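Below: one structure, written as structure tokens.
The values are calculated or read from the model by the stated rules, or taken from the named source; none is laboratory data. The structure presented is a predicted model; accordingly, all values stated were derived computationally and were not measured. Because the Cβ atoms are built from the backbone with ideal geometry, glycine has one as well, and the counts that use them run over all protein chains shown.
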Amino acid sequence: MVTRRNFIITSAAAIAALTLDKKNILAAERSKPLGAGNPLQIPTEISGGQLTVGKTSIQILSGNQTDILSINAVYPPPTIRVKKGDSFSAHILNNLSDDVVIHWHGLHVPSAMDGHPMNAVKTGVTADINYSVINRAGTYFYHSHTDMMTAEQVYRGLAGMFIIDDDEDKALPLPRGEFEVPLMISDKLFDSNNQLVYSPTMDDMLRGWLGDTIMVNGTPDPFLDVAPTLYRFRIVNASNSRIYKIALSDNSEFTVISGDGGLLEAPVKTTSCFLANAERLDILIDFSKYQQGSSITLRSISFSTSDAPPPAPIPAQGAALDILRFDVTKTGDSKASIPAILSSIVKYLPADSKTTRTFGLTSSSVAHAINGKTFVMDRIDTHVPFNTLETWKFFNASEHIHPMHVHATQFQVLDRGGSAPTAPNDLGWKDTVMVNPFETVNVLVKFDAYDGVYLVHCHNLEHEDHGMMSNFMVDNGGSVKDTQTADTQLSVYPNPASDKTTITLLDTDRKKELFLFDTSGKVVLKEIIPDGLQTFQLNVSSLATGSYRVALGDRSAILTVIK
Ligand code: C2O
Ligand code: CU
Ligand code: CU
């Protein structure tokens, strides 16, 4: 597939289309002539099987090919599409030189199959994944969840759609086939050789990595030829940190029918809706009111944040951006309609909630924390009883937006800043909820599928990789084995660090040698731990940006140094 930026079709047909319906087209609706840009790619659909993770070069922009991380050597990665009740099986072969692990975002999956970073797959190794699909129909996705490399691996390509169908969805008169289109949105930054740039500075870690090129299904500057009829778009925000406020360029209404965990109870008409990182929205757009030859653009409209803007020309978080242009050039009828009722969702009652747990969110340029702690792979922060309704209170004590995600379940938003949720992206079953600066969002949550260790984290991927993630264990009576192995993990905070970092000591650490290894295994620092200290200040100011292993006795940790 060859796509070209700014490729302009100058065929007679396109020119005719331009002149014919001129009077019907609002000038503001069309920023470019029909055909300019790249036709939207639609990923191939698979139902599982072999998933080989590797590196591939792909023609994305004109000129040099771009090195990306691919699944089965294609990009965009295939869409996995299964039916509720199926048993899903996949063989994930890691052909990268780094570890990799794939997470099935939004799905109820046994802990060992969930893609926890502790289950990372080594180079050359295949992981066999097997679980039953128990979630309802909906738009989900799969992506890398590798320890401290989630952001970079997702950015470089490791994210694809995961669609579940079921009888309830199938019975509705919704658009199907060519009228049902997946849209996975991400933003990238390319260098002058067309290679993806990923080099977060301290400021980028605070706000997250932003790009200047919006890609939909891996297509830059995309357009889609549509017929004047009703369409269903399954939208996933797979961007590292960019949040979209979805709207149409002529401010027309569209209809939200589904969220993170499938169909809402009833359609919601709106002219704009937030879509934070990892959130999903299925929307219906009715193109029947547009004349042949007109164009309309799905865009993100501006919203304000307190994030410092990234270096020019990268648009700030909240800047207005075009996402996908629709050219009404086809004929056809989806024979679909907007049902008045979509589904029924049994509401959790706050009175049934047994416990309230607070997740306090703080951010600094070196670390993002939950309740003051950054992620440690095998430290369990919370034990949650199986099949018990709880209130989880996300309190954002920072000036950055944190889209908070919970594995292993779908929850319901109880209130946002004390008020019942009204925004379409807060309705229905949710697995990710946007928590605005200094806001408190309460969700009602229950884990009734599997026990074991799962994650709660911010889905701004730079925040996630730099600490804003925590393990909880769903306890099912006494049957759960404790997988805590806290004594093999060294606590290092802050991590990443640029100047100094603190290592928590045990009594037995006295006079031991502390080593710092670089990625090639070379010792770059050696310190003797003096007597009588509870903590040891490690000075890393002389070290280059990179990742290091800190080892003390039989405990170790990976430390990231950032300049
Ligand atoms: Cu989509 Cu734990 O992530
Ligand atoms: Cu997830
Ligand atoms: Cu965050």
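If I ask for residues that are touching a Phe, Trp or Tyr at 6+ places or on another chain (Cβ under 7 Å) and not in a loop (DSSP other than H, G, I, E, B), which ones from the range 189-218 would you list?
Scanning the range 189-218 gives Leu196, Thr213.
Of all residues in the range 113-154, which are hydroxyl-bearing (Ser, Thr, Tyr), away from ligand 3 (no atom under 16 Å from the Cβ) and within 15 Å of the chain's Cα centre (by Cα)? Show your work before the answer.
Start the filter on the range 113-154 by keeping residues that are hydroxyl-bearing (Ser, Thr, Tyr), which leaves 123, 126, 131-132, 139-140, 142, 144, 146, 150.
Of the ones still in play, those that are also away from ligand 3 (no atom under 16 Å from the Cβ) are 123, 126, 131-132, 139-140, 142, 144, 146.
If the condition is that a residue be hydroxyl-bearing (Ser, Thr, Tyr), away from ligand 3 (no atom under 16 Å from the Cβ) and within 15 Å of the chain's Cα centre (by Cα), then Thr139, Tyr140, Tyr142, Ser144, Thr146 are the ones that fit.
Which numbered condition trips up Leu298, out of (1) in a strand (DSSP E or B); (2) more than 16 Å from ligand 1 (Cβ to nearest atom); (3) touching a Gly at 6+ places or on another chain (Cβ under 7 Å)?
Looking at each condition in turn, Leu298 falls short on (3).
For the range 32-95, please list each of the strands (runs of 3 or more DSSP E) lying entirely inside it that holds at least 3 residues being closer than 20 Å to Asp187 by Cβ. Let's see the steps before the verdict.
On the way: elements: 49-58, 66-71, 79-83, 87-94.
Of the strands (runs of 3 or more DSSP E) lying wholly inside the range 32-95, those with at least 3 residues that are closer than 20 Å to Asp187 by Cβ span 66-71.
Right, Gly318: in a loop (DSSP other than H, G, I, E, B), surrounded by 19 or more Cβ atoms within 10 Å (Cβ to Cβ) and at pLDDT 95 or above or not?
On the way: in a loop (DSSP other than H, G, I, E, B): yes; surrounded by 19 or more Cβ atoms within 10 Å (Cβ to Cβ): yes; at pLDDT 95 or above: yes.
Here the answer is yes, as Gly318 does meet what is asked.
Within the range 333-344, is even one residue surrounded by fewer than 19 Cβ atoms within 10 Å (Cβ to Cβ), more than 16 Å from ligand 3 (Cβ to nearest atom), modelled with pLDDT of 95 or more and assigned to a strand (DSSP E or B)? It would help to see each step written out before you state the result.
Just the residues of the range 333-344 that are surrounded by fewer than 19 Cβ atoms within 10 Å (Cβ to Cβ), to begin with: 333, 335, 337-341, 344.
From the residues that got through so far, the ones that are more than 16 Å from ligand 3 (Cβ to nearest atom) too are 333, 335, 337-341, 344.
With modelled with pLDDT of 95 or more added as a condition, the list becomes 333, 335, 337-341, 344.
Applying the additional criterion that residues be assigned to a strand (DSSP E or B) yields none.
Within the range 333-344, none of the residues are surrounded by fewer than 19 Cβ atoms within 10 Å (Cβ to Cβ), more than 16 Å from ligand 3 (Cβ to nearest atom), modelled with pLDDT of 95 or more and assigned to a strand (DSSP E or B).
If Gly318 passes every condition in (1) among the small types (Gly, Ala, Ser); (2) free of Cβ contacts under 8 Å to residues at least 24 places away in the same chain; (3) at positive phi but one, which one does it miss?
Result: Gly318 fails condition (2) only.
On the basis of being assigned to a strand (DSSP E or B), crowded, with 22+ Cβ neighbours inside 10 Å, modelled with pLDDT of 95 or more and under 28 Å from the mean Cα position of the chain (by Cα), does Phe326 make the cut? First the steps, then the outcome.
On the way: assigned to a strand (DSSP E or B): yes; crowded, with 22+ Cβ neighbours inside 10 Å: yes; modelled with pLDDT of 95 or more: yes; under 28 Å from the mean Cα position of the chain (by Cα): yes.
So Phe326 fits the description; yes.
Return yes or no: is Lys269 surrounded by 18 or more Cβ atoms within 10 Å (Cβ to Cβ) and either touching a Pro at 6+ places or on another chain (Cβ under 7 Å) or at pLDDT 95 or above (or both)? So that I can check it myself, show each step before the final result.
Values: surrounded by 18 or more Cβ atoms within 10 Å (Cβ to Cβ): no; either touching a Pro at 6+ places or on another chain (Cβ under 7 Å) or at pLDDT 95 or above (or both): yes.
So Lys269 fails the test.
Tell me, which residue of the range 395-434 that is within 21 Å of the chain's Cα centre (by Cα) and farther than 26 Å from Ala137 by Cα is farthest from ligand 3 (Cβ to nearest atom)? Let's see the steps before the verdict.
Let us first name the residues in the range 395-434 that are within 21 Å of the chain's Cα centre (by Cα), namely 395-396, 398-413, 423-434.
Those left that are additionally farther than 26 Å from Ala137 by Cα: 395-396, 398-402.
Working: Phe395: 13, Asn396: 8, Ser398: 8, Glu399: 11, His400: 6, Ile401: 7, His402: 3 Å.
It comes out as Phe395.
Could you tell me which numbered condition Glu527 fails, if it satisfies all but one of (1) acidic (Asp, Glu); (2) part of a loop (DSSP other than H, G, I, E, B); (3) at pLDDT 80 or above?
All conditions are met except number (2).
Among the candidates Thr271, Thr355, Thr374, which residue alone is within 16 Å of ligand 1 (Cβ to nearest atom) and either among the basic types (Lys, Arg) or more than 30 Å from Lys84 (Cα to Cα) (or both)? Can you show your working first?
On the way: Thr271 fails: within 16 Å of ligand 1 (Cβ to nearest atom); Thr355 fails: within 16 Å of ligand 1 (Cβ to nearest atom).
That would be Thr374, the only listed residue that is within 16 Å of ligand 1 (Cβ to nearest atom) and either among the basic types (Lys, Arg) or more than 30 Å from Lys84 (Cα to Cα) (or both).
Which strands (runs of 3 or more DSSP E) does the range 392-505 wholly contain that include 3 or more residues that are modelled with pLDDT of 95 or more and out of contact with any Gly (no Cβ under 7 Å at 6 or more places or on another chain)? First the steps, then the outcome.
Numbers: elements: 402-406, 412-416, 432-435, 440-445, 452-458, 469-475, 500-504.
It comes to 402-406, 412-416, 432-435, 440-445, 452-458, 469-475.
Being surrounded by fewer than 24 Cβ atoms within 10 Å (Cβ to Cβ) and within 14 Å of ligand 2 (Cβ to nearest atom) is the filter here, so list the residues in the range 453-478 that pass it.
Within the range 453-478, Val453, Tyr454, Leu455, Val456, Ser470, Asn471, Phe472 meet the criteria.
If the Cβ limit is 7 Å and pairs must be 6+ apart or interchain, which residue in the range 391-412 that is farther than 23 Å from His105 by Cα pairs with which residue that is within 14 Å of ligand 1 (Cβ to nearest atom) and modelled with pLDDT under 95?
Pairs that qualify, where the first residue is farther than 23 Å from His105 by Cα and the partner is within 14 Å of ligand 1 (Cβ to nearest atom) and modelled with pLDDT under 95: there are none.
If only one of Thr56, Thr150 is buried (at least 21 other Cβ atoms within 10 Å of the Cβ) and β-branched (Val, Ile, Thr), which one is it? I'd like the intermediate steps shown before the answer.
Working: Thr56 fails: buried (at least 21 other Cβ atoms within 10 Å of the Cβ).
Thr150 is the lone residue from the list that is buried (at least 21 other Cβ atoms within 10 Å of the Cβ) and β-branched (Val, Ile, Thr).
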